[in-house]
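Here's the structure we're looking at; comments come further down.
The values are calculated or read from the model by the stated rules, or taken from the named source; none is laboratory data. Computed from a predicted structure; not experimentally measured. Here the Cβ is made from the backbone with ideal geometry for all residues, glycine too, and neighbour counts use every protein chain on show.
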Amino acid sequence: MAWFRRRREPSRTSGRLANREDLEYLTEFVRSRRGVEAFIEPRTTVTETTILLIAHDGEWTRRRIDSPENARRFAHQLAMPIYDIRLMGYPQRMRDYNARQKRRPA
């Protein structure tokens with residue numbers, strides 16, 4: 001009976017990983033803003049591994065990436081510092097930016 005067999009691979013909700021357009025978008029974000037730092041967000045049951053880019057003023061963007069190793073490689077190619085979000089947490093400047101965006105009139 002196969003009732004109690006374990007799955008070999010965890011199920012994924014989307015399976016969509018980083019593609020050329022994602023990497024081009026991230027590269028443009030880095031080149032058009034100053035003080036950008038990268039953060040690796042680990043894979044969860046809901047999302048794949050993501051790379052979070054945060055500029056000096058807190059503006060941020062996030063895209064899926066194939067693996068933490070590819071995130072590190074991407075950051076090093078652009079000479080950008082990269083951190084693990086689990087160790088560092090989300091920067092205050094990102095939270096401040098989000099709060100400013102909420103207060104802006106529509």
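Set side by side, the residues GLU24, GLU41 differ, and just one is in contact with a Ser or Thr (Cβ under 7 Å, 6 or more places away or on another chain), modelled with pLDDT of 95 or more and within 27 Å of GLU59 (Cβ to Cβ), which is GLU41.
Scanning segment 45-63 for residues that are at pLDDT below 95 and surrounded by fewer than 18 Cβ atoms within 10 Å (Cβ to Cβ), we see that the one that is nearest to the chain's Cα centre (by Cα) is THR47.
When ALA75 is tested against the conditions (1) surrounded by fewer than 16 Cβ atoms within 10 Å (Cβ to Cβ); (2) touching a strand residue (DSSP E or B) at 6+ places or on another chain (Cβ under 6 Å), the lone failure is (1).
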